[in-house]
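In what follows, a structure is listed as structure tokens, so that the remarks can point back to it.
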Amino acid sequence: MYVIAVANQKGGCGKTTTTVNLSASLAYLGKKVLVIDFDPQAHATSGLGFDPDKIEFSIYDVLSSLSQQKKDLDSVVQQVSENLFLVPSSILLSTLEQELSDEIGRETRLWSALSQMKGQYDYVLIDCPPNLGFLTINALRSANEVLIPLEMSFFSFNGVNQLLDIINLVRERLNHNVDYRILMTMFDSRLQYSYYVQDAIKERFGDKVCKTIIHINVKLRESASHGKPALYYDKYCRGAKDYLSLARELLSYLEAPEPLDKGWKPQSPSAPSKEMGRDMPLRMVEFIFPDPNVKEVYIAGDFNGWRIGEDSKLEKRNGVWVKSMALPPGRYRYRFVVDGKWMDDPNNPMKEKNPYGELDSLLNVG
Ligand SMILES: Nc1ncnc2c1ncn2[C@@H]1O[C@H](COP(=O)(O)OP(=O)(O)OP(=O)(O)O)[C@@H](O)[C@H]1O
Ligand SMILES: [Mg+2]
């Protein structure tokens, strides 16, 4: 069971959207996923189709000592879809800090409840409230990873240091291994400004930044108001594809036989975090698309977060399209984008079906 807390005290940066859509994508890729709505606003609860006013039991009834209807975590779980489950929130959660103010070990309350569920889920995602209070500390204490959404604004930098300080505090004072990862959200590719912020985030956080970028997409907002992840609302929209790429990226780190990104794994509290690929031999790989008559060819895959950009363009050489890349050993999926049309590699017999029913080409390096 791998626990990811989605946290940032800045309001409206995409925490709930990320929790709901990343968990739906992981479930779509065959993982059993539990979402814990840990925000009294209960937006993840409504985003997954449940009316918080009609919910009978919530996470409050699991963690409270005062609740008249004390429950264990298992018994408040609601099923959303085949692999996706939810522990709903309620406004009462906002009273919990006050209620437990004299209790020893109150920061580990959620962790204790979760540890009884060991093995039942592959992934647990916790949607945190927009503050660094008792609930967020509980979530960080329960997590292997903190995923920090940052929207494309220089203001989003404000406060991240504070969150990182809290993460360090949890490592040191609560003696709990937890690492973090930055996710760029609400990227508007029409604005030059987005690219400035992207560069600044990459410069500041380096390899801690997810390769996948979440673009601004109105369907993400629309689907939330319909109580659905974008994947269930319009699976071809950009938002659904971005979060599916994020899920794949995450799985490629977490479930690769040889972890590609050591930074993604929990670190020991005192160990400096290792960075991706630092001590890994890279292998040169050449991708070739054979048809010289097409106008442009891009390559997108696990190795570049399924993004199409200048750096993923193939060059025409000696009558074929070519792209060389240095990759760490591992197993990758990729596709070509030929004159705007996605297709698998016609020269590569190794293929596997993707969730859209199309074929991804497979590559083993090393
Ligand atoms: N990539 C996106 N494109 C378009 N709209 C988005 C995107 N991500 C989030 N939104 C919208 O922005 C608003 C805020 O997003 P969200 O609720 O996920 O943020 P949050 O960090 O959980 O907020 P809070 O701090 O209040 O919990 C929502 O209306 C959501 O639908
Ligand atoms: Mg939220």
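Remarks
- Residues HIS226 and ARG331, FRET efficiency given R0 of 25 Å [Cβ-Cβ distance, rounded to 0.05]: 0.10
- Cα-Cα pairs of segment 146-226 separated by more than 17 Å (percent): 52 percent
- Antiparallel %, DSSP beta bridges [both residues in the chain], to 5: 55 percent
- Interchain or long-range residues, amide H under 5 Å from GLU151's placed H: THR185
- When the solvent-accessible area of segment 2-264 is split by element, carbon and sulfur atoms take up 48 percent of it, the probe being 1.4 Å.
- For the chain, the longest principal axis of the Cα atoms and the long axis of helix 15-28 meet at an angle of about 60 degrees.
- Residues of segment 328-344 with amide N under 18 Å of the 7 Å Cα→Cβ point at ILE308: 333-344
- The simple spin-label model puts a point 7 Å past each Cα toward its Cβ; for ASN293 and ASP102 those points are separated by 8.3 nm.
- Mean ellipticity per residue at 222 nm, deg cm²/dmol - from DSSP H runs of n ≥ 4 across the chain, formula -39500 (n - 2.57): -8000 deg cm²/dmol
- Computed over the alpha carbons of the chain, Rg followed by Dmax gives 21.2, 76 Å.
- Residues of type lysines that LYS351 reaches as a straight line, Cα spacing below 29 Å, ignoring anything fewer than 8 places off in the same chain: LYS31, LYS32, LYS211, LYS235, LYS241, LYS262, LYS265, LYS295, LYS313, LYS316, LYS323, LYS341
- Full-stretch length increase - ASP72, ASP339 - with 0.36 nm per residue and alpha-carbon distance subtracted: 90.7 nm
- Where a label projected 7 Å from the Cα of ASN354 along Cα→Cβ would reach, residues of segment 206-226 with amide N under 17 Å: 211-215
The values are calculated or read from the model by the stated rules, or taken from the named source; none is laboratory data. Owing to the predicted nature of the structure, the values given are computational and were not obtained by experimental measurement. Using ideal geometry, Cβ is built from the backbone for each residue, glycine included, and neighbour counts are taken over all protein chains shown. These area figures cover heavy atoms from the full protein model, side chains too; ligands, DNA and RNA do not enter into them. Shrake-Rupley method; radii C 1.70, N 1.55, O 1.52, S 1.80 Å.
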